[in-house]
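Attaching a single structure in structure tokens format; questions to follow.
The values are calculated or read from the model by the stated rules, or taken from the named source; none is laboratory data. These figures come from a predicted structure and were not determined experimentally. Here the Cβ positions follow ideal geometry from the backbone for every residue, glycine too, while neighbour counts run over all protein chains shown. To get the accessible areas, we keep the full protein, side chains included, count just its heavy atoms, and leave off ligands, DNA and RNA. Shrake-Rupley method; radii C 1.70, N 1.55, O 1.52, S 1.80 Å.
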Amino acid sequence: MIRQLDKVFVLDTKNTTYAFRVLESGHLEHLYYGEKIEIREAGDAAPLMEKQAFAPGNSNVYNEKFPNLSLENIRLEMSSYGKSDIREPFVEITHADGSYTQDFLFDSAVIREGKTPLATLPSSYEEEGTVHELTVTLKDKGYDLTLELVYAVFEDRDVITRSSRLRNTSSDSIRLNRLMSTQLDFEDSCYVLTTFNGSWAREMYRHDTSVVAGKCINSTYAGTSSSRANPFVMLSRPETTEDKGLCYGLNLVYSGNHYECAEVNSHGKTRFVSGINPASFTILLNPGEYFETPEAVMTVSEDGYNGMSQRMHAFVRNCIVRGEWKKKTRPVLLNSWEASYFDINEHKLLKLAKEGRDVGVELFVMDDGWFGERKDDKRSLGDWYVNKKKLPGGISRLCDKVNELGLDFGIWVEPEMVNVDSDLYRAHPEWALEIPGKPHSEGRNQRILDLTNPAVVDYLIEQMSSVFSSANISYVKWDMNRIFSDYYSQYLPAERQGEVSHRYMIGLYRLVRTLTERFPKILFEGCASGGNRFDLGILSYFPQIWASDDTDAIYRVKGQTGYSYGYPMSTVGAHVSACPNHQTLRMTPLATRFDVAAFGVLGYECNLCDMSAEEKKQIREQIALYKKWREVLQFGYFYRGRSDNFYEWTCVGEDGTRAVGMLLQVLTEPNTAFAQFSPRGLDKDTKYHFYNIERKVRIKPFGDLVNMLSPIHIKYDSLVHNIVDKFVKMPGEVEDYTAYGSTLMRGVKLKASFAGTGFDENTRFFSDFSSRMYFMEKADSDT
């Protein structure tokens, strides 16, 4: 609900309130954003209004009419340089006369039911709940410019979005150097800014920075939302935990260069801004033209990080993801990449697909290497015709044969890229983002096609349409394997080169929007060297994204925990791969690899043809178990517990009657037998059956200790040792309890772990990199 109470605007969701007012000067003073409060008339907001008596020393005042008003010392809804505010600006403009001062003051406001989509960028929507929109119009009368601040209130989601739009209503051309999507000003400091940073194969590591003075910036210049700095961030108090305390969740519906900054000024006030990165960004706006920003997404909870995440997850699932696969369970896939890399042919692919069918896989995906002269990463990107030496019958014959096995068929593409050694580049070198006649800095031996050029976008639409319609393709993995360098479009004139990165995004969104509309039944999965473009912009078209090229379970448990703060697990692609792991060379149990991957959208990326019968039997059982619990794992409510040497996850079904938990240990502590698992999110008044599935324990991991029981001496790793290990299995521990949710959430005390003093069927074998899944189902009787 949005209400205008005289000069006070109140934006209420079911559980939160956002409020600001119009000052006599015409500026917008931010009053409050947090858990819901009662404001029924303008006077009720008086306690939230700052009282200004005299301007602080060594500061400037706005003008002589308001001698007590220094914009440096007031909370604002938007800000700019030149009129006494020297903090992070919301907007920066270079005017025709060369000046940089802006003075946007309140002009009017319109409240409407529903939500207007952005014209050039993806934005959120609502199909089931209530949404209202407020557009506040500000005018800079000195330069005849108009700034619109747009607020959308998703009442049932406890989410508010913001965007802004600058209109050049003057008779002069201007240069827009910065326009943020949102600004939040707080009266105090001591907030913790949580960012999620990393690199290729190491995405989404959580970092907490206390912001008590100066600036803390999270940004990327990679041309994508990037693995270096995801656009999702949190602001919280130092005492906030997973389940208690104030937490703001903030994200951006954008896939390009972004910028988030928290600043504490000399008066102890905190300002947060988020939007397009202003570095190398400048938009030429001629008279009559406008520029719109990406949409910022905001939520807040006093129930800690988990409380915030629940609201953000529900919003992303319901108001960002769209189309055929929005609420449809995702298939278990087998991807050819780590089994074959570029060395593929029809025979090898079909052999792998048959193995996949036999273990319960539902979708087989042919990865890179099927087109042009593609035998490595140095050639043929851009040549989207089938390599007939590898696939003599083309994609269609391979697809038909895979379908005959009872599997759906998927394919890998990387449309945005081109190799210099390709027919496309030789025909159209001007279609690449590069500076003509100057050396180019390449990544992965490839260059980026110029999506600012409508002709390039049109060409790719038709090329991809031809590929996707060439066979019964059910799935597309859309990759993008490098970051930007040498920002330069041969299509744009010199005065518009500062628009390249943003115009690229507009072209990309037109490309993927057109294709997803043409092929609505295809399941698209985004990828960019893993998680280099994991954001709400891509999720507006692709319902899931490959979270990382690193499939190592111990990295993944940390990385997927990072993703879980801002993104639901139904958006996170996660695969079980071979060991030693191809990215880390780490050895982890197959059970652990499955337990971690099962909490995302499960797939396998290993050479089943080379696996032992025992391993394939284990995978068959894993997939059967996953299918039984898939609805809960993909679309349930995800909660985090501990995230240190132990990781705890719980996923609770929508009706609260079923839940799956996981406990993972990174490294074993000596002589530590005690452990407990504390599920979250259960209905405290429901009685659950809590249990695990027994895992038989191998002999070999006990090493020489086997001789404590063996009647003959067995040498470690000898033929005898391996034979015994193959045929002799010890019983694993069994957990089986019936209790109310309120009791289980206090912590289930587990069977004692092996600690060097003995082992039997009641001992939990829990070595380095071990994990367990626990299942909770509503008991037959609550008595």
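What pairs come out if I take residues in the range 586-605 that are among the basic types (Lys, Arg) and pair them with residues that are open to solvent by 10 Å² or more (accessible area, probe 1.4 Å) and modelled with pLDDT of 95 or more whose C-beta lies under 7 Å away, six or more apart or interchain?
ARG586/ILE554; ARG586/PRO580
Something else: Only residues that are surrounded by 15 or more Cβ atoms within 10 Å (Cβ to Cβ) and without any contact (Cβ under 8 Å) to a residue 60 or more places away in the chain: list them for the range 387-404, please.
Across the range 387-404, the qualifying residues are ASN387, LYS390, LEU391, LYS401, VAL402.
Residues are listed down the side, and each one gets a yes or a no for (1) under 16 Å from GLU242 (Cβ atoms); (2) without any contact (Cβ under 8 Å) to a residue 12 or more places away in the chain; (3) in a loop (DSSP other than H, G, I, E, B):
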{"residue": "THR650", "(1), (2), (3)": "yes, no, no"}
{"residue": "GLY656", "(1), (2), (3)": "no, no, yes"}
{"residue": "LEU667", "(1), (2), (3)": "no, no, yes"}
{"residue": "ALA673", "(1), (2), (3)": "no, no, yes"}
{"residue": "ARG680", "(1), (2), (3)": "yes, no, yes"}
{"residue": "ASP685", "(1), (2), (3)": "no, no, yes"}
{"residue": "ASN707", "(1), (2), (3)": "no, yes, no"}
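Since PRO89 meets every condition but one in (1) in a loop (DSSP other than H, G, I, E, B); (2) over 30 Å from CYS319 (Cβ atoms); (3) touching a Phe, Trp or Tyr at 6+ places or on another chain (Cβ under 8 Å); (4) not small (Gly, Ala, Ser), which condition does it not meet?
Looking at each condition in turn, PRO89 falls short on (2).
Among the residues of the range 687-705, what is the count of those that are open to solvent by less than 70 Å² (accessible area, probe 1.4 Å), part of a loop (DSSP other than H, G, I, E, B) and farther than 16 Å from PHE759 by Cα?
1
May I ask you to say which residue of VAL728, VAL720, VAL734 is touching an Asp or Glu at 6+ places or on another chain (Cβ under 7 Å), of a type outside the set (Lys, Arg) and open to solvent by 60 Å² or more (accessible area, probe 1.4 Å)? Can you show your working first?
Working: VAL728 fails: touching an Asp or Glu at 6+ places or on another chain (Cβ under 7 Å); VAL720 fails: touching an Asp or Glu at 6+ places or on another chain (Cβ under 7 Å).
It is VAL734.
Return the pairs, sorted by first residue and then second, in which the second residue is of a type outside the set (A, V, I, L, M) and part of a helix (DSSP H, G or I), the first residue lies in the range 35-50 and is within 22 Å of SER70 (Cβ to Cβ), the beta carbons are less than 9 Å apart, and the residues are 6+ apart or on different chains.
Note: pairs meeting the criteria are GLU50/ASN73.
Could you check how many residues of the range 740-750 are among the β-branched types (Val, Ile, Thr) and touching a residue at least 24 places away in the same chain (Cβ under 8 Å)?
Count: 1.
Condition first: touching a Leu at 6+ places or on another chain (Cβ under 8 Å) and closer than 24 Å to ILE411 by Cβ. Can you find one or more residues in the range 490-503 that meet it?
The answer is no, given that none of the residues of the range 490-503 is touching a Leu at 6+ places or on another chain (Cβ under 8 Å) and closer than 24 Å to ILE411 by Cβ.
From the list GLY537, GLY573, GLY566, which residue is of a type in the set (Gly, Ala, Ser) and in a helix (DSSP H, G or I)?
GLY537
Scan (1) at pLDDT 95 or above; (2) under 18 Å from MET298 (Cβ atoms) for the single condition GLY129 breaks and write down its number.
GLY129 satisfies all of (1) at pLDDT 95 or above; (2) under 18 Å from MET298 (Cβ atoms) except (1).
Restricting attention to the range 328-385, which residues are of a type in the set (A, V, I, L, M) and farther than 30 Å from PRO429 by Cβ?
Across the range 328-385, the qualifying residues are VAL332, LEU333, LEU334, ALA339, LEU349, LEU350, LEU352, ALA353, VAL359, VAL361, LEU363, VAL365.
Looking at the range 508-531, which of its residues are assigned to a loop (DSSP other than H, G, I, E, B) and open to solvent by less than 10 Å² (accessible area, probe 1.4 Å)?
CYS527, GLY530
Another question, then. Select from the range 478-500 the residues that are farther than 30 Å from SER173 by Cβ and hydrophobic (A, V, I, L, M, F, W, C) and write down the one among them that is surrounded by the most Cβ atoms within 10 Å (Cβ to Cβ).
That would be TRP478.
A further question on this structure: Take the residues in the range 406-428 that are hydrophobic (A, V, I, L, M, F, W, C) and farther than 27 Å from PHE542 by Cα, then tell me which one is surrounded by the most Cβ atoms within 10 Å (Cβ to Cβ).
VAL420
Further question: Please go through the range 151-172 and give me each residue that is in contact with a Leu (Cβ under 8 Å, 6 or more places away or on another chain) and charged (D, E, K, R), ordered by number.
Result: ARG162, ARG165, ARG167.
Under 7 Å between Cβ atoms, which residue pairs at least 6 apart in sequence (or on different chains) link something in the range 229-254 that is without any contact (Cβ under 8 Å) to a residue 40 or more places away in the chain and over 18 Å from MET204 (Cα atoms) with a partner that is surrounded by fewer than 21 Cβ atoms within 10 Å (Cβ to Cβ) and not acidic (Asp, Glu)?
GLU239/GLY245
State all residues of the range 741-756 that are in a helix (DSSP H, G or I) and β-branched (Val, Ile, Thr); if no residue qualifies, say none. First the steps, then the outcome.
Restricting attention to the range 741-756, the residues satisfying the condition of being in a helix (DSSP H, G or I) are 741-744.
Of everything in the range 741-756, just one residue is in a helix (DSSP H, G or I) and β-branched (Val, Ile, Thr), namely THR743.
Then there's this: Within the range 437-455, how many residues turn out to be within 28 Å of the chain's Cα centre (by Cα) and not polar (S, T, N, Q)?
Going through the range 437-455 one residue at a time, the tally reaches 8.
How many of the residues making up the range 751-766 are among the aliphatic types (A, V, I, L, M) and free of Cβ contacts under 8 Å to residues at least 12 places away in the same chain?
0
With SER84, SER25 as the choices, which residue is touching a helix residue (DSSP H, G or I) at 6+ places or on another chain (Cβ under 7 Å) and closer than 24 Å to THR270 by Cβ? Let's see the steps before the verdict.
Values: SER25 fails: touching a helix residue (DSSP H, G or I) at 6+ places or on another chain (Cβ under 7 Å).
Of SER84, SER25, the one residue that is touching a helix residue (DSSP H, G or I) at 6+ places or on another chain (Cβ under 7 Å) and closer than 24 Å to THR270 by Cβ is SER84.
Residues that are under 25 Å from PRO287 (Cα atoms) and open to solvent by 30 Å² or more (accessible area, probe 1.4 Å): list the strands (runs of 3 or more DSSP E) wholly contained in the range 151-202 that include at least 1 such residues. Write out each step before concluding.
Numbers: elements: 159-167, 174-186, 191-199.
Qualifying strands (runs of 3 or more DSSP E): 159-167, 174-186.
Another question, then. Just to verify a result, which residue in the range 340-362, among those that are in a loop (DSSP other than H, G, I, E, B) and farther than 27 Å from LYS628 by Cα, is nearest to the chain's Cα centre (by Cα)?
TYR341
Filter the range 742-783 down to the residues that are among the hydroxyl-bearing types (Ser, Thr, Tyr) and open to solvent by 70 Å² or more (accessible area, probe 1.4 Å) and list them by number.
Step one: filter the range 742-783 for residues among the hydroxyl-bearing types (Ser, Thr, Tyr), giving 742-743, 753, 757, 763, 767, 770-771, 774, 781, 783.
THR743, THR757, THR783, listed by residue number.
So that you can scan it fast, the table gives a plain yes or no per residue for (1) open to solvent by less than 20 Å² (accessible area, probe 1.4 Å); (2) closer than 17 Å to PHE766 by Cα:
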position: CYS651; (1), (2): yes, no
position: ARG658; (1), (2): no, no
position: GLY661; (1), (2): yes, yes
position: LEU667; (1), (2): no, yes
position: ASN671; (1), (2): no, yes
position: ALA675; (1), (2): yes, yes
position: ASP685; (1), (2): no, no
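Suppose we filter the range 104-118 for residues that are in a loop (DSSP other than H, G, I, E, B) and either more than 18 Å from PHE20 (Cβ to Cβ) or polar (S, T, N, Q) (or both); how many remain?
Total satisfying the criteria: 5.
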